[in-house]
Amino acid sequence: MGTYFANPLLLWGGLAIAAPIIIFLLTRFRFRTVEWAALTFLQRAVKRQQRRLNLENLLLLLVRCLILLLFALALARPRAQALVLTREDDVRKNVVIALDASYSMGYQLGSDEDETAFERARRTAKEIVAGLESGDRVMVSVFDEDVRSLYPSPREMNEEGRRDVLQDLDDAPEVRRSERGTDLPGLLAALPRVLSKFDLGPGGQPPPEGAQPLKKTLYLLTDCQRAGVLDDAGALKNPALGRAAKEIEALGATIVLVDCGAEDPKNLTVTRFGTLEPVVGQDLPCHVEVSVKNWSAFALNDLTVEYFVDGATTPQKVVSLSIPPGEERAPEPLRYLFKEAGPHRVEVQVRSDGLVLDNRRHVVIDVRREVRVLLVDGERGRARVDNETYYLEEALKLAETDDGRGLIRPEVVDPAQVSGARLEDYDVVILANVGTVPDDASTALEAYARQGGAVVFTLGGLVDVRHYNDDLWRGGAGLFPTALQEMRGGTWLEAQDDRDAPAWFMTVTDPRHPVAGLFTSEEMVTWLKAAQIYGFFAADPAPPTRDLPAPQVPFRLVPRASDDGAVGGDRARSIDEGQPLLVERAFGRGRAVAWLTTVDYGWNNCVVHDGFYVPFWRQLVLDLTQRSRPALNLGIGDRYERLLRAEEYGRVEVETPDGRREQVPVEKLDDQELYRALYPPEGERDALEMSGFYTVARAGVSGADEAPAPDYFAVTIDPAEGDLAKFSAEELQTALEVPVRPIRHELVREVLVAQGGGAGASEFWRHALAGVIGLLVLESVLAAAFGRGRR
Amino acid sequence: MAQTRDTRFLDPKTLTKISRLDIIARLVVEGFVTGLHRSPYHGFSVEFAEHREYVPGDDIKHIDWKVFGRSDRFYIKQYEEETNLTATLLVDGSESMRYRYQDGSPTKLEYACYVAASLAYLILRQRDAASLVTFDDAIQAFIPPGSSASHRNLIIDALTSIKPAKRTSLGPVLHTMAERVRRKGLVVIISDLLDEPAAILSGLRHFRHKRHEVIVFHVLDQAERTFPFGSMTRFQGLEGLGEVTCDPGALRRAYLEELDRFSGEIRHGCRQDRIDYVLLDTSVPLDVALTSYLATRSGMKLT
């Protein structure tokens, strides 16, 4: 009966129809007795009316019985489907609860810290489960950026099942708020697989061909974040979302949207936090910059921004900040001088709003004593100034401070010295116009790059193209990042004599590249255009294959005299237009870069345009340095990787932001003399799930007496999740083109019970109740007409 | 001249608190009469009887102006009136007359006695002769006509000694009395008339045949006229009529129709025979009865 009625026990109320019959019979024996003089008239009246009276009594009795019967039926909440369907399954409620666990659900709803949107969603989920009837089935999925289902198949709501699900909603490790973002498209794409499990047979067999899917209800408990779902015009950002929704509808599911978030949330997020300098040097000033976005529709004034350095409890700097609605602002940066080399922790905190997690951000700054660059000069002159690398060396070793201290320390060697150098001590190796790279040097450089080093090739007249293509490029297997073709143009000296000599301008074709990004401002574009290239090697950066990573070509060349006489770089050009000038490709863990012209004044006049030359080469070196270092600033969901040389091998232990210590296994990499510590270890489901600073301690290092100083890395959340702007059920319905029913979170249980089922069972009890009211009116009218007023 | 009528003692409920019927009768009549503009009960005879001091309400044409000239006071000349009317009061003393719906209200019999006693008082004050008959299924008591003051006591005693226990049989009683009252006069019947209408009308017609003036006071309890019962009720009939158990609400209309048909039949028969028919329910003030009597009395041709 439970499948036909929401409250089958109340059907016993139908026995109440005995009441009017009993009352009717009792009144035959329960009466008051009076003396009456004019009995004759009464006797005549009775004689005349007896038939009519009996009929009236019977009619009233019937109506009263019917009232009670219908009332009992209404209380039992019949499901209309029960009356027409024969398949038992069809009258069960099949419910999927999708619980948003993204970090925005940590939004605090009131003064109580524990009362968050997530707790509200958890409570609502429990109310849904509690409101289900025996025989109903439920699946629970928790989602953020990915979807985790609590059960492999639907749980039946018998006594044990309900207790387990309620318990799991409280305790299961999956049901906790994460620090990840929301991926609603991902959820909807995963749900058809979950929903189809309701249609499987008892043994897991698929439903028969052509069978109608069972009715299901999908409760979406979320804070309805608009970002990632709808654009400003209300259209879907990802069309796949619409297709997934259609699929869900085709599986018989109705989407019920329960907004568990705050009604009018205001939130700000630290969107960017890091140093202005690509590499921070010891005792050299650096600038730690922060950007804060105000997502809300109100101006947030007098915010306090605090910078904390190296775990200090008192802020290093406090600044005040006001942000207009919807804007992003960068307060005054923290200018700081790190006295010691090594990793340093800097944290920023903005006070404060309902969502605390994104008001903090952490960064680990790797402070370098110096950046060592090995310049392999293929064209040493008699005087230093004649060296191929002379101008480069001068540019790199420019002082950072007034007292002459610089960050980059270049060293110049001959190609023959490469194999003897300890390459791992250098951050970048630059080979300038090296005609042929000796085999042992080539091998050492490849190993160096494979382990994370950066190698830059600059070309020139000495370069043996065939050697480069055959030995260094090797069809993509070698270190050189592109295949070379013929040399084009001539030298700068020749061009000075010949006005018609060909010349090329440089143009930025990939502004996302850190070096190319420098030359996007108006002032820097002027510098970029000032330099001219007269000779270069044409190159063909092969497209990526399975073994070959994609090349980056941030700078290209366009001829000086274009058809319309415009200066190169002015016109909008596609990325592939023009000849490549700078080609970069990943090699192993490191990078390989080719500058397809000379680094001195041989084939171009860059050296005289120091507004281009100096920032270009310094930025390239620092960027490569920074990128070849292990990543210390990670996101939620990433893994921390630390490579150890043989002499650094030892035990590795990670301490999490909440103080847990975990031993990290260290494994030897197959083809290299390297060891790797991966945290969390591969194979475990959880990646880095908590934002904050992690401490990496090493002990038992074979090559050192004392334990080395701890390393740090920082994990930060995705700031986009801080945008709490909402979509409404109507907007979602319009965009998805499937019905989306909104229910207030506090009414979920009432609605569930009132429906008599989430599985689309119609609300038959309302009709029964309407019938009761109609019959009550009829009874009153009849009683009045028959002279049976209730006195 | 006019004086406010003391209506207190015209209300039957008030009268139930007074136990002595003679006092009731006097209070009713005096209260009733005092308010009339013209004292109606002075005789029309010319034989002087005595003087009496004027009281408001007396007709000023009877003031003896000679006495006023002598004594400077108003005196009324009163005359010895000849008794020229015999009023026969027939009071129903059957069991059905003891019915009353509410405590505190008079039973139909008590009400009938108030009416009879008051009429007797009035009649005797007018020097007419009054006679009383009490009956149920037969004549129970008969006080022959008389006009002395002590006669009133006889009538009162007879009224107070009625024991309502038997059935009504109005027709035979009326016929019997029509034969026994020989002198033409006024016949007043006070009853709930719970008998066959044909028999009642036949008896009344007998009186009319004997040239009597007839007034029928049909006394009913208010409940008998409205049937105010609600829940299931067993009605036990008086006078051995059995019992009926029913839902009174459902039967009210039918009952009232039956009652109307009955009283309509009686009224119609009375009108045909020029008999005054007055329906009294026991909550109606007694002056209705007295006024009806006086109207009939003054319309009679006296011999």
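Apply the Karplus parameterisation 6.51 cos²θ - 1.76 cosθ + 1.60, with θ equal to phi minus 60°, to every residue of the range A:516-531 and state each ³J(HN,Hα) to the nearest whole Hz, in sequence, with x for glycine and proline.
Values per residue, Gly and Pro as x: 4, x, 5, 9, 10, 6, 4, 5, 6, 5, 4, 4, 4, 6, 5, 6 Hz.
Please report the net charge: other residues with Cβ closer than 13 Å to the Cβ of residue A:416, K and R +1, D and E -1. Please report the intermediate quantities before stating the final value.
Working: positive: A:380; negative: A:377, A:414, A:439, A:440.
Surrounding charge for residue A:416 is -3.
Run the numbers on the range A:633-716 and let me know its relative contact order in percent, using alpha-carbon pairs under 8 Å that are six or more apart.
On the way: 181 pairs, mean separation 31.9, N = 84.
RCO, the range A:633-716: 38 percent.
For a quick check: with amide H placed at 1.01 Å from N, whose amide H comes under 5 Å from residue B:90's, ignoring anything fewer than 5 positions away on the same chain?
Those lying under 5 Å, H to H, from residue B:90 are B:133, B:188, B:189, B:190.
Among the aspartates and glutamates, select those whose C-alpha is under 14 Å from the C-alpha of residue A:529, and discard any that sit fewer than 8 residues away in the same chain.
Within the straight-line limit of under 14 Å, residue A:529 reaches these aspartates and glutamates: A:570, A:610.
How far apart, in nm, are two points set 7 Å out from the Cα along the Cα-to-Cβ line at residue A:660 and at residue A:466?
Each label point lies 7 Å from its Cα, and together they span 6.2 nm.
Please list 3J(HN,Hα) in residue order for the range A:92-108, calculated via the Karplus relation 6.51 cos²θ - 1.76 cosθ + 1.60 where θ = phi - 60°; whole Hz, with x for glycine and proline.
6, 8, 10, 10, 10, 9, 10, 10, 6, 10, 5, 5, 5, 6, x, 4, 6
Evaluate the charge dipole of the protein assembly as shown about its Cα centre and quote only its size in Debye, nearest 20, assuming +1 on the Cβ of each Lys and Arg and -1 on the Cβ of each Asp and Glu.
Values: 131 positive and 160 negative charges, 2282 e Å.
Computed about the Cα centre, the dipole is about 10960 debye.
Among DSSP bridges having both ends in the protein assembly as shown, what percentage is antiparallel? Round to the nearest 5.
Beta bridges within the protein assembly as shown, antiparallel portion: roughly 55 percent.
Quick check on my link table: of B:108/B:163; B:163/B:210; A:93/A:126; B:163/B:184; A:266/A:726, which ones sit more than 20 Å apart, alpha carbon to alpha carbon? Working shown, then result.
Working: B:108/B:163 13 Å; B:163/B:210 30 Å; A:93/A:126 16 Å; B:163/B:184 30 Å; A:266/A:726 11 Å.
Exceeds cut-off: B:163/B:210; B:163/B:184.
Check residue A:253: other-chain or 5+ apart residues with amide H under 5 Å from its amide H, H built from backbone geometry?
Correct list: A:216.
For the range A:126-143 and the range A:316-374, compute the distance between their C-alpha centroids and round to whole Å.
45 Å
With +1 assigned to the C-beta of every Lys and Arg and -1 to the C-beta of every Asp and Glu, and no other charges, what is the dipole magnitude of the range A:97-238 about the Cα centre in debye, to the nearest 20?
Numbers: 18 positive and 27 negative charges, 96 e Å.
Using Cβ point charges on Lys, Arg, Asp and Glu, the range A:97-238 gives about 460 debye.
Give the long-range amide H neighbours of residue A:338: residues separated by 5 or more places, or on another chain, with amide H under 5 Å away, using H modelled in the peptide plane at 1.01 Å from N.
Answer set, sorted by chain and number: A:283, A:284, A:286.
Residue A:246: which lysines have alpha carbons under 17 Å from its alpha carbon, excluding same-chain residues fewer than 8 sequence positions away?
In chain and number order, the partners are A:215, A:216, A:237.
Say the dipole of the range B:157-277 comes from +1 at the beta carbon of Lys and Arg and -1 at that of Asp and Glu; which of B:228, B:177, B:201 then lies farthest toward its positive end?
B:177
Can you list the lysines whose alpha carbon sits under 25 Å from that of residue B:66, skipping same-chain ones fewer than 8 residues off?
Leaving aside lysines fewer than 8 places away in the same chain, those within reach of residue B:66 are B:77.
Considering all alpha-carbon pairs of the protein assembly as shown, what whole percent are spaced by more than 56 angstrom? Working shown, then result.
Numbers: 321751 of 597871 pairs.
For the protein assembly as shown, the share of Cα pairs beyond 56 Å comes to 54 percent.
With just the Cα atoms defining each centre, how far is the range A:230-281 from the range A:637-662? Give it in Å.
Here the answer is 33 Å between Cα centres.
Work out the length of the dipole vector of the range B:86-298 about its Cα centre, built from +1 on the beta-carbon of each Lys and Arg and -1 on the beta-carbon of each Asp and Glu, and round it to the nearest 20 debye. It would help to have the intermediate numbers written out before the result.
On the way: 26 positive and 26 negative charges, 197 e Å.
The dipole of the range B:86-298 has a size of about 940 debye.
Quick one: 3J(HN,Hα) in Hz for the range A:731-739, Karplus 6.51/-1.76/1.60 with θ = phi - 60°, rounded, Gly and Pro as x.
Per-residue couplings from phi come out as 4, 5, 4, 5, 6, 7, 6, 9, x Hz.
Hey, if you put +1 on the Cβ of every Lys and Arg and -1 on every Asp and Glu Cβ in the range A:633-716, which of A:649, A:633, A:690 ends up farthest toward the positive end of that dipole?
A:690
Along the charge dipole of the protein assembly as shown, which of A:526, A:785, A:106 sits closest to the positive end, that is, farthest toward it, with unit charges on the beta carbon of Lys, Arg, Asp and Glu (+1, +1, -1, -1)?
Working it through, the farthest residue towards the positive pole turns out to be A:785.
Ignoring everything except DSSP H segments at least 4 long, calculate the 222 nm mean residue ellipticity for chain A; use -39,500 (n - 2.57) per segment, divide by total residues, nearest 500.
Numbers: 15 runs with 197 residues, N = 791.
Helix contribution divided over all residues of chain A: -8000 deg cm²/dmol.
Here, each number is a calculation from the coordinates, and none is a lab measurement. Computed from a prediction, not measured in an experiment: that's the story for all the values here. Because the Cβ atoms are built from the backbone with ideal geometry, glycine has one as well, and the counts that use them run over all protein chains shown.
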